[in-house]
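Below you'll find the structure, written out as structure tokens, and then a few comments.
The values are calculated or read from the model by the stated rules, or taken from the named source; none is laboratory data. Remember, predicted model here, so these are calculated numbers, not experimental data. Note that we place each Cβ from the backbone using ideal geometry, even for glycine, and neighbour counts take in every protein chain shown.
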Amino acid sequence: MKESVICRELTLPMGIDEVFRFFSDPQNLGAITPPWLHFEVVACSTASITEGTVIDYRLRVRGLPLRWRSVIRGWEPPSRFTDEQVVGPYRQWVHEHSFADQGGATRVRDRVRYAVPGGALVDRLLVRPDLERIFDYRAERLSALLRG
């Protein structure tokens, strides 16, 4: 299985505790997900995200309806956590969110290790461009929502 990686960093003008709190609320996922994905949190096993939280989503990718289930692992407030797909379109999806205090601002880093059915060609032609677009949108929304 060929694994791909996407990394993004963004500095937000808010303290690390506030930024981590935003990411700990599963309802905020919809606010930073592009509207063209028709993203919806269907169920969440806990009121706020913590170690072992299971989150079920519904979305559309290129018009195809998908269901996705993630489990939260490696919960280390306010520094990091990982969501791992257990049901969904990827052969592997491990998304590490990390947060670093920058003296009143917070550096947010996303690192996703993923593998797709169809391998490198499907990734290069379809998946990677979509992920780049999604993370571009996410950075814009986070900057707008978390201005400090």
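Points to keep in mind about this one:
- Here HIS95 passes the criteria (1) more than 12 Å from the chain's Cα centre (by Cα); (2) at pLDDT 95 or above except the one numbered (1).
- The sole residue among ASP110, ASP17, ASP83 that is over 22 Å from ASP136 (Cα atoms) and not in a loop (DSSP other than H, G, I, E, B) is ASP17.
- Restricted to segment 41-79, and to residues there that are assigned to a strand (DSSP E or B), touching a helix residue (DSSP H, G or I) at 6+ places or on another chain (Cβ under 8 Å) and hydrophobic (A, V, I, L, M, F, W, C), the residue that is nearest to PRO129 (Cα to Cα) is VAL61.
- In segment 46-58, the residues that are under 13 Å from GLU84 (Cα atoms) reach residues that are modelled with pLDDT of 95 or more and assigned to a loop (DSSP other than H, G, I, E, B) with C-beta atoms within less than 6 angstrom, at least six apart or across chains, in these pairs: THR53/SER45; VAL54/SER45.
- Residue-level check: of (1) surrounded by fewer than 16 Cβ atoms within 10 Å (Cβ to Cβ); (2) modelled with pLDDT under 95; (3) under 12 Å from the mean Cα position of the chain (by Cα), ARG62 misses just (3).
- Hits in segment 55-75 (condition: closer than 26 Å to GLY15 by Cα and out of contact with any strand residue (DSSP E or B) (no Cβ under 9 Å at 6 or more places or on another chain)): none
- LEU121 passes every criterion in (1) part of a loop (DSSP other than H, G, I, E, B); (2) without any contact (Cβ under 8 Å) to a residue 12 or more places away in the chain apart from (1).
- Filtered by the rule that a residue be among the aromatic types (Phe, Trp, Tyr) and either assigned to a strand (DSSP E or B) or farther than 21 Å from VAL41 by Cβ (or both), segment 86-105 gives TRP93, PHE99.
- GLU84 being loosely packed, with under 15 Cβ neighbours inside 10 Å and modelled with pLDDT of 95 or more: no
- Within segment 1-40, the set of residues being crowded, with 17+ Cβ neighbours inside 10 Å and closer than 23 Å to TYR90 by Cα comprises SER4, PHE23, PRO26, ASN28, LEU29, ILE32, THR33, PRO34, LEU37, PHE39.
- Output for segment 95-148, where each listed residue is under 17 Å from SER79 (Cβ atoms) and aromatic (Phe, Trp, Tyr): PHE99
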